[in-house]
1. Looking at (1) acidic (Asp, Glu); (2) closer than 24 Å to Asn32 by Cβ; (3) more than 13 Å from the chain's Cα centre (by Cα), can you tell me which one Glu85 breaks?
2. Anything in segment 46-64 that is farther than 17 Å from Leu21 by Cβ and either in contact with an Asp or Glu (Cβ under 6 Å, 6 or more places away or on another chain) or surrounded by 15 or more Cβ atoms within 10 Å (Cβ to Cβ) (or both)? List them, or say none.
3. Could you figure out which of (1) farther than 17 Å from Met1 by Cβ; (2) in a helix (DSSP H, G or I) isn't true of Glu59?
4. Six or more apart or on different chains, Cβ under 6 Å: which pairs go from a residue in segment 71-85 that's free of Cβ contacts under 8 Å to residues at least 40 places away in the same chain to one that's in a loop (DSSP other than H, G, I, E, B)? Could you list them?
5. Restrict the check to segment 20-32 and report whether at least one residue is modelled with pLDDT of 95 or more, exposed (fewer than 12 other Cβ atoms within 10 Å of the Cβ) and not polar (S, T, N, Q).
6. Tell me, please, whether a residue that is at pLDDT 90 or above and either loosely packed, with under 11 Cβ neighbours inside 10 Å or part of a loop (DSSP other than H, G, I, E, B) (or both) can be found in segment 66-75.
7. Sort out which residues of segment 1-21 are assigned to a loop (DSSP other than H, G, I, E, B) and either touching a residue at least 24 places away in the same chain (Cβ under 8 Å) or under 9 Å from Asp46 (Cβ atoms) (or both), and write them in order of number.
8. Kindly indicate whether Phe49 is among the aromatic types (Phe, Trp, Tyr) and either at pLDDT below 95 or touching a Phe, Trp or Tyr at 6+ places or on another chain (Cβ under 7 Å) (or both).
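The values are calculated or read from the model by the stated rules, or taken from the named source; none is laboratory data. Remember, it's a predicted structure, so these values are computed and weren't measured experimentally. Here the Cβ positions follow ideal geometry from the backbone for every residue, glycine too, while neighbour counts run over all protein chains shown.
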Amino acid sequence: MLPLLTQVRNTVAQHSPKSVLVLADYEGAEINHKVEMKIKEVLALDRPFVKKAAWLGTEHIPRAIVDNFSFFSWRETATFKSREEALEWLVGE
């Protein structure tokens, strides 16, 4: 996940402020300490560019870690059980 997170950070930073809609799918992802720290870094650095963010597959991640991610992003991130629900929420107003 580390190279992917770097790519996400670089891609998001190329957009206008508050213009990016993010759908993060953590289904099957293994979050070790290095990955957790990188996610927090990316969430903090992409803050100016993200309008809304939706997460999938967080059920297997300890709640304290998910809450910590929300803290570092300084935004409320909605979690969903299906991709369809997440996408509908992202594009809705």
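1. (2)
2. Let us first name the residues in segment 46-64 that are farther than 17 Å from Leu21 by Cβ, namely 57-64.
Once the filter is applied, which keeps residues that are farther than 17 Å from Leu21 by Cβ and either in contact with an Asp or Glu (Cβ under 6 Å, 6 or more places away or on another chain) or surrounded by 15 or more Cβ atoms within 10 Å (Cβ to Cβ) (or both), segment 46-64 yields Gly57, Thr58, Ile61.
3. Failed condition: (2).
4. Listed pairs, sorted by first residue: Trp74/Arg47; Thr79/Thr58.
5. no
6. Quick first cut of segment 66-75, residues at pLDDT 90 or above only: none.
Taking every residue of segment 66-75 in turn, none turns out to be at pLDDT 90 or above and either loosely packed, with under 11 Cβ neighbours inside 10 Å or part of a loop (DSSP other than H, G, I, E, B) (or both).
7. Just the residues of segment 1-21 that are assigned to a loop (DSSP other than H, G, I, E, B), to begin with: 1, 13-19.
Once the filter is applied, which keeps residues that are assigned to a loop (DSSP other than H, G, I, E, B) and either touching a residue at least 24 places away in the same chain (Cβ under 8 Å) or under 9 Å from Asp46 (Cβ atoms) (or both), segment 1-21 yields Met1, Ala13, His15, Ser16, Pro17, Lys18, Ser19.
8. Working: among the aromatic types (Phe, Trp, Tyr): yes; either at pLDDT below 95 or touching a Phe, Trp or Tyr at 6+ places or on another chain (Cβ under 7 Å) (or both): no.
No.
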